[in-house]
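Chemist: Once you've had a glance at the structure underneath, I'll fire off some questions.
The values are calculated or read from the model by the stated rules, or taken from the named source; none is laboratory data. Computed from a predicted structure; not experimentally measured. Every residue, glycine as well, gets a Cβ built from its backbone with ideal geometry; the counts of neighbours run over all protein chains shown.
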Amino acid sequence: MIEQIKALALRCGFSQVGVLQVDTIEVREEVRAACAVNKCKAYNTNWSCPPACGTLAEGEARIRAYKTGLILQTTGALEDSLDFEMMITIGEEHGEHIASFGEKVQALYPDALVLGAGGCRRCEKCTYPGAPCRFPGKMTHSMEAFGMVVSDVCTDNKLPYYYGPGTLTYVGCVLLV
Ligand code: SF4
């Protein structure tokens, strides 16, 4: 089953896909604390991000219900370390891969939990906080919202996080069973 879902993820455009053992995931309070600093400008703007996504303990209870999943990476090439345009483009491509894969995998495994990079972007404008989420079963959380250190999750599952000078990698994951 994992091999089939891995092949599906690669068809959806991810550059690298690796097996994720959920018991390797450490949930860390300092990652959530970093969300509140709001460097990404998503804090308190979206149902999928803190504080609306629930407490760290609630998030941990959700992920511990799974045993296995996949790490999903989108890697792109930058002209130099100031190539912000390409950084945004790679991030957008990763978001498209997550959205496309999420639709397909949840059609096969409705309980699959798909985590991306950054807050949910399914709707042009999130309904938060004035109205309920339009697609509660399909919103995409970030790995950080669940307290995960993305580089540690990759390393602990023997998947590189860095692919050399001039590259940038965005990471997501899916928890399957
Ligand atoms: S699905 Fe839409 S309303 Fe729900 S969290 Fe995502 S962007 Fe917001």
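Chemist: Quick one: in segment 136-146, which of the residues that are surrounded by 13 or more Cβ atoms within 10 Å (Cβ to Cβ) and near the ligand (Cβ under 8 Å from one of its atoms) is modelled with the highest pLDDT? Working first, answer last.
Modeler: Looking only at segment 136-146, we keep the residues that are surrounded by 13 or more Cβ atoms within 10 Å (Cβ to Cβ), and these are 138-146.
This time we only want the ones that are near the ligand (Cβ under 8 Å from one of its atoms), so: 138-140.
Values: Lys138: 82, Met139: 87, Thr140: 90.
Only one residue fits best here, namely Thr140.
Chemist: Answer with yes or no whether Gln21 is away from the ligand (no atom under 16 Å from the Cβ), touching a Leu at 6+ places or on another chain (Cβ under 9 Å) and not aromatic (Phe, Trp, Tyr). Working first, answer last.
Modeler: Working: away from the ligand (no atom under 16 Å from the Cβ): yes; touching a Leu at 6+ places or on another chain (Cβ under 9 Å): no; not aromatic (Phe, Trp, Tyr): yes.
Spelling it out, it is not the case that Gln21 is away from the ligand (no atom under 16 Å from the Cβ), touching a Leu at 6+ places or on another chain (Cβ under 9 Å) and not aromatic (Phe, Trp, Tyr).
Chemist: Residues Pro110, Pro51: which one is touching a residue at least 24 places away in the same chain (Cβ under 8 Å) and either more than 25 Å from Ile5 (Cβ to Cβ) or out of contact with any helix residue (DSSP H, G or I) (no Cβ under 8 Å at 6 or more places or on another chain) (or both)?
Modeler: On the way: Pro51 fails: touching a residue at least 24 places away in the same chain (Cβ under 8 Å).
Just one listed residue meets the conditions, Pro110.
Chemist: Conditions: (1) under 20 Å from Glu92 (Cα atoms); (2) surrounded by fewer than 16 Cβ atoms within 10 Å (Cβ to Cβ); (3) in contact with a Leu (Cβ under 7 Å, 6 or more places away or on another chain). Ala9 meets all but one. Number of the miss?
Modeler: (2)
Chemist: Right, something else. Would you call Tyr162 more than 16 Å from the ligand (Cβ to nearest atom), of a type in the set (Ser, Thr, Tyr) and touching a residue at least 12 places away in the same chain (Cβ under 8 Å)?
Modeler: On the way: more than 16 Å from the ligand (Cβ to nearest atom): yes; of a type in the set (Ser, Thr, Tyr): yes; touching a residue at least 12 places away in the same chain (Cβ under 8 Å): no.
No: the conditions fail for Tyr162.
Chemist: Right, here's the next one. Could you please find all residues in segment 104-131 being more than 8 Å from the ligand (Cβ to nearest atom) and among the β-branched types (Val, Ile, Thr)?
Modeler: Residues satisfying the conditions are Val105, Val114.
Chemist: Here is a follow-up. Go through (1) within 16 Å of the ligand (Cβ to nearest atom); (2) surrounded by 15 or more Cβ atoms within 10 Å (Cβ to Cβ) and name the single condition Val149 misses.
Modeler: Of (1) within 16 Å of the ligand (Cβ to nearest atom); (2) surrounded by 15 or more Cβ atoms within 10 Å (Cβ to Cβ), only one is false for Val149: (1).
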